[in-house]
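The next block holds one structure in the form of structure tokens; read it before the comments.
The values are calculated or read from the model by the stated rules, or taken from the named source; none is laboratory data. Owing to the predicted nature of the structure, the values given are computational and were not obtained by experimental measurement. Methodologically, a virtual Cβ is constructed for each residue, glycine included, from the backbone with ideal geometry; neighbour enumeration extends over all protein chains shown. For the accessible areas, the whole protein counts, side chains as well, though only heavy atoms, and no ligand, DNA or RNA atoms are used. Shrake-Rupley method; radii C 1.70, N 1.55, O 1.52, S 1.80 Å.
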Amino acid sequence: MVVLVALTGGIGSGKSLAGEFFAELGAIVVDSDQLARDVIERGTPGFDEVVTEFGDEVLTQGIIDRKKLGEIVFGDEAKRKILESILHPLIRAALDNVAAAAPAGSVVIHQIPLLAETGGKDRFDLVLTVSADLTARRTRLIARGLASHDIEKRLQAQVGDAEREAIADYVISNHGDKDELLRQVEHLWNDVLLPKAGQA
Ligand code: ADP
């Protein structure tokens, strides 16, 4: 069987790094932010739907400008809901395609920052969340080049670790160094995910 795993975590928690480690071990890792970009590329049905709904002003040189789109829906609940009603089914279908194409015994991991906020955990066999204290997360994000007002804005749009942990089957705690993160990823891979996929 194919095991479908959600990997969540707040911004700067180390989700992407954990995803990279899982990929090195053999998981098929899909990033929901990437899928959200793919499904509205020029020439896709998603592109047509967004332009029909929001008009030409979301385009820059014929391509959907996600920054402009973000500005339109930011603070406008109704418009944000419309955008989500276009994007979510398309993202879900794209993920279904990845899972359907994966050979038996695969572990497909969907990196999804806002799982706790948007619901939908029931579509997954297993939910993993990466937790890390806010000081460590802020320091890592500043080191990654993010401006601190952007960090605070994004933190405010997300629930806290406790809410993510409440919906998770396993918590990866990324309070230490990268090796400690890797060790937990290896443990989950060998002792939880591979057995679930029927590979161990
Ligand atoms: P997320 O995808 O959850 O926003 P990332 O995986 O991009 O977070 O991690 C944010 C930054 O912190 C990255 O530059 C990453 O390499 C770094 N990082 C993650 N975990 C650790 C750690 N345990 N120690 C040091 N740096 C880390």
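Is it the case that some residue within the range 8-15 is assigned to a helix (DSSP H, G or I) and either more than 23 Å from ILE172 (Cβ to Cβ) or in contact with a helix residue (DSSP H, G or I) (Cβ under 9 Å, 6 or more places away or on another chain) (or both)?
Scanning the range 8-15, I find no residue that is assigned to a helix (DSSP H, G or I) and either more than 23 Å from ILE172 (Cβ to Cβ) or in contact with a helix residue (DSSP H, G or I) (Cβ under 9 Å, 6 or more places away or on another chain) (or both), so the answer is no.
Would you pick out the residues in the range 129-170 that are more than 10 Å from the ligand (Cβ to nearest atom), open to solvent by 70 Å² or more (accessible area, probe 1.4 Å) and β-branched (Val, Ile, Thr)?
THR135, the sole residue that qualifies.
Need the failing condition index for LYS15 against (1) among the charged types (D, E, K, R); (2) over 25 Å from ILE142 (Cα atoms); (3) open to solvent by less than 60 Å² (accessible area, probe 1.4 Å), just the number.
Condition not satisfied by LYS15: (2).
Filter the range 35-55 down to residues that are open to solvent by less than 30 Å² (accessible area, probe 1.4 Å) and of a type in the set (Gly, Ala, Ser) and give me whichever is farthest from the chain's Cα centre (by Cα).
So, considering only residues that are open to solvent by less than 30 Å² (accessible area, probe 1.4 Å) and of a type in the set (Gly, Ala, Ser), the one farthest from the chain's Cα centre (by Cα) is GLY55.
Out of LEU114, LEU90, which single residue is surrounded by 14 or more Cβ atoms within 10 Å (Cβ to Cβ) and within 24 Å of ALA166 (Cβ to Cβ)?
Working: LEU90 fails: within 24 Å of ALA166 (Cβ to Cβ).
None of the others qualify; the one that does is LEU114.
May I ask you to verify whether THR60 is open to solvent by 20 Å² or more (accessible area, probe 1.4 Å) and among the polar types (S, T, N, Q)?
Spelling it out, THR60 is indeed open to solvent by 20 Å² or more (accessible area, probe 1.4 Å) and among the polar types (S, T, N, Q).
Go through the range 26-48 and give me each residue that's within 16 Å of the ligand (Cβ to nearest atom) and more than 18 Å from THR118 (Cβ to Cβ).
ALA27, VAL29
List pairs: first residue in the range 180-197 and outside any helix (DSSP H, G or I), second residue open to solvent by 80 Å² or more (accessible area, probe 1.4 Å) anywhere in the structure, Cβ distance under 7 angstrom, at least six positions apart or on different chains.
ALA197/MET1
Considering each of SER106, SER85, SER131 in turn, give the residue that is without any contact (Cβ under 8 Å) to a residue 40 or more places away in the chain and among the polar types (S, T, N, Q). It would help to see each step written out before you state the result.
Details: SER106 fails: without any contact (Cβ under 8 Å) to a residue 40 or more places away in the chain; SER131 fails: without any contact (Cβ under 8 Å) to a residue 40 or more places away in the chain.
Just one listed residue meets the conditions, SER85.
Which one is least open to solvent (accessible area, probe 1.4 Å) among residues in the range 20-34 that are part of a helix (DSSP H, G or I) and at pLDDT 95 or above?
My answer is PHE22.
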